[in-house]
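No value in this document is a laboratory result; all are computed from the given coordinates. Owing to the predicted nature of the structure, the values given are computational and were not obtained by experimental measurement. Positions of Cβ are generated from backbone atoms using ideal geometry, with glycine treated the same way; all protein chains shown enter the neighbour counts.
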Amino acid sequence: MHHYDTIIIGGGHNGLVCSAYLAKKGHHVLVLEASDNLGGLAETREFHPGFKASVAHSISNFSTKVAKDLNLSAYGFTSGAAPMTTVGLNASGEHVTLTGLEVEGVGVEDVESYKEYRQVMQKFTNLLHPFWHKTMPRIGDNSLPSRMTFGQLGLKLRLLGKEDMGEFMRIATLPARDLMDENFDSDLLKAVLCWDGLIGSKMAPRSPNATVLSLLYRMTGEHGGAHIIPAEGIESLFIALKETAERAGAEIRTGTRVSRILIQADESGLKTNGVKLASGETITANRVVSTTDPKRTFLELVGIENLEIEFTNRIRRLRSEGYVAKLHLALNGVPKFTGLDKPDGRLIIAPNMDAIEFAFDDAKYGECSKQPVMEVVIPSLHNESLAPVGQHVLSAHVMYVPYELKSSWTDQTRAVLQEKIIDTLSIYAPDIKEHILYSEVLTPLDLEQRHGATGGHWHHTELSLDQMFMMRPTYEAAQYATPIPGLYVCGAGCHPGGGLVGASGHNAAHEMLK
């Protein structure tokens, strides 16, 4: 029977990043992925013969440090594609278009305000960005590394200057609506700008739980949060990560589901010593790293019998109810969006912040909005391999769709949701129904069942002030090591959070290499 230094549960980007760093340092690493394909929620799969899509349809802030450290460009991945424009759609064709520091379709005052807004927000994201690749200090830990990290953050805040430091402290905990109302007049521009602070979460523009901080998280990175679709597709990231990990000596097994993390008890206490597979096979290791969500990791794979009651309760209280559905359309051509020459940008359907808020209100009570808000891309305009020649794929993230529908999710209720989404799309692209060859809608419940993410939540747990930094996922596990010796976590539910970033895998690996 093989014995490994490290077993990593999950072949998403964080698991592969972690495996590559460890393997490059000579560790004997095994990655176990339940699906037949790598990628997790970003897995590229065929949803209709000849048509492929991923739940993650773009990349906005993948770590350039990780890409450079692992030399991913040598294996075909580059994040150097031109960022997509972001377009706030108006049914009349009078859209708002965002490109870098430029905005079109709004008044002169909003044009100038937008430049100032981007510059200020970029200054604040530059403050946060270095800490994405650092382990957050443990609360109450007075060790030198912890004090240095706190000291670095304090120094960076102080170097902002008195005025900017005060402004950062003020806006970081604001609802997104307040920040937008302070800066802009255009209702459509406000809705588009607050979108990135809300997508994937159970929050709306009026939510008080630091939606601006979540927005800053999304804008952090070398590209200021701009979205790209590599010409080789999202899949190229996972091909490159797999190649670099395997060349370093890591073993990767797909179609291999872990049913249990093995816990050994002796006179010194509890310790992780391997995993048990759904097939019944047992594999031993010095340590186990779980990239799945905290609830699944601790409540299912570890088991509450191996956990302290207070820790178990904190894990149970984590907010992890997904609110995003995914629509995939196989199209026989490119639909014509009113007022757009070519729909190759990121298209936001949310006429104003009230529309977002009302959709959220419906979802809070277990209903789907009659007027859904969404983010739409046609990725096949950037990556031709996603569809047959001359045909295309449309991908949409639809907010707010409850994980628990009041009337329950059935084929019929999914069909009703799908019809609402397509009807909404047809307001902006009147000919879209003529182009549809096949359609698929995935609810948060479907995402949970397909990908194992509790609640179907993109980020595994909410990106909110009480579940970020040294509190993510809880203060006992925020340094990637857990209360059980030998067990580590490094998924989206860990610092810094979800999205295709890779920093969690980077940080966890460096903790293990200390």
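Descriptive notes on the structure:
- A single member of I427, I432, I422 is in contact with a Pro (Cβ under 7 Å, 6 or more places away or on another chain) and of a type in the set (A, V, I, L, M, F, W, C), and it is I432.
- Test: residue in segment 449-457 that is among the basic types (K, R) and over 25 Å from the mean Cα position of the chain (by Cα): no
- Failed item in (1) crowded, with 20+ Cβ neighbours inside 10 Å; (2) touching a Pro at 6+ places or on another chain (Cβ under 6 Å); (3) farther than 30 Å from L127 by Cβ, with L442 passing the rest: (2)
- Among the residues listed as M399, M470, the single one being within 30 Å of G269 (Cα to Cα) and either more than 21 Å from the chain's Cα centre (by Cα) or in contact (Cβ under 8 Å) with a residue 40 or more places away in the chain (or both): M470
- Considering segment 263-368, the qualifying strands (runs of 3 or more DSSP E), each wholly inside and each with 3 or more residues that are surrounded by fewer than 22 Cβ atoms within 10 Å (Cβ to Cβ) and at negative phi, run over 269-277, 282-290.
- Annotation note: Cβ proximity below 8 Å between a residue of segment 291-317 that is in contact (Cβ under 8 Å) with a residue 12 or more places away in the chain and over 20 Å from H13 (Cα atoms) and a residue that is surrounded by fewer than 16 Cβ atoms within 10 Å (Cβ to Cβ) and among the β-branched types (V, I, T) (sequence gap 6+ or interchain) occurs for F298/I304; T312/I304.
- When segment 193-245 is limited to residues that are within 23 Å of E43 (Cα to Cα) and of a type in the set (D, E), the one that is surrounded by the fewest Cβ atoms within 10 Å (Cβ to Cβ) turns out to be E232.
- The set of residues in segment 97-117 being among the hydroxyl-bearing types (S, T, Y) and either out of contact with any Ser or Thr (no Cβ under 9 Å at 6 or more places or on another chain) or over 15 Å from A191 (Cβ atoms) (or both) consists of T99, S113, Y114, Y117.
- Criterion violated by N383 - all others in (1) touching a residue at least 40 places away in the same chain (Cβ under 8 Å); (2) under 19 Å from N90 (Cβ atoms); (3) not aliphatic (A, V, I, L, M) satisfied: (2)
- Restricting attention to segment 421-436, the residues being surrounded by fewer than 17 Cβ atoms within 10 Å (Cβ to Cβ) and either assigned to a helix (DSSP H, G or I) or touching a strand residue (DSSP E or B) at 6+ places or on another chain (Cβ under 8 Å) (or both) number 6.
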